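A short write-up of the structure that comes next.
The values are calculated or read from the model by the stated rules, or taken from the named source; none is laboratory data. Remember, it's a predicted structure, so these values are computed and weren't measured experimentally. With ideal geometry, Cβ positions are generated from the backbone for all residues, glycine too; neighbour counts draw on all protein chains shown.
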Amino acid sequence: VVRDGVEPLIRRLETYAREYLGRDDEGRERYYYEVRAQEPADEVERAARMLFLNRTCYNGLYRVNRAGRFNVPHGRYVRPRILDADALRRASRALARVDLRSVDVGDAGADAEAGDFVYIDPPFVPLSETSSFTDYTTGRFGMREQLELRWLIDELTERGVLVMLSNSDVDWVHTAYETARYRAGEAFAHHRIDRVPARRMINSRGDRRSPVDELVVMNPPLVEALRRGAAR
């Protein structure tokens, strides 16, 4: 919708902003839950509803219940920016030549060829048993799916596709990607794993949204491409 129908989307968000911002706190909360309970069939309305909920829900979190319904509670903001028309128009122009797909992880790289760049940002492996939430949608992305993702990267690497992956800094990720090796002439090549700081935005307390380490994994074809680029 952002790509193909941005102007109708902007007009609908203008209505949401006017209806929401013109109410007191109690009225805003009531209006939020009324919108959250809706299940519009029109694709522009669905997109506008989702953007409205994202801007006015608790911490901008996306999560659904087992029935597949968005269930994040109302947030409390003085004047949330429900509509950013300029940003939406820029996004629409950027997406003009983009092919958007929703597919299984095993099919995600089916069309990738040697020299193509693929960036993968999956639900992260939990840092601990107490932070094991991965059910953002009804289709849970668990350790089986993490392993399938590793197999996909193996396949892409063998085809010469340049792959970068983000994931959490935990032993499982280190082991899964440090032990992978690929034939490179007479020798073997390995993934490069870098640790980078990233700020966590989801926390009930703002003072606890501190940086944590994440891992960036680059496969051998990408490492070699970067090396050649640096050499030039």
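Quick notes
- The range 1-57: number of residues that are touching a His at 6+ places or on another chain (Cβ under 7 Å) and not hydroxyl-bearing (Ser, Thr, Tyr): 2
- The helices (runs of 4 or more DSSP H) falling completely within the range 79-187 that include 2 or more residues that are in the same structural domain as LEU21 (by TED's automatic domain parsing), modelled with pLDDT of 90 or more and farther than 17 Å from GLU214 by Cβ map to 85-94.
- Residue in the range 50-66 that is over 24 Å from PHE141 (Cα atoms) and either among the acidic types (Asp, Glu) or not in a helix (DSSP H, G or I) (or both) present: no
- For TYR33: the one exception among (1) part of a helix (DSSP H, G or I); (2) closer than 16 Å to LEU13 by Cα: (2)
- Flag if GLU29 is within 22 Å of LEU88 (Cα to Cα), at pLDDT 95 or above and charged (D, E, K, R): no
- So GLU19, is it assigned to a helix (DSSP H, G or I) and either of a type in the set (D, E, K, R) or under 30 Å from GLN146 (Cα atoms) (or both): yes
- Selection from the range 1-58 of residues that are surrounded by 18 or more Cβ atoms within 10 Å (Cβ to Cβ) and of a type in the set (S, T, N, Q): THR56
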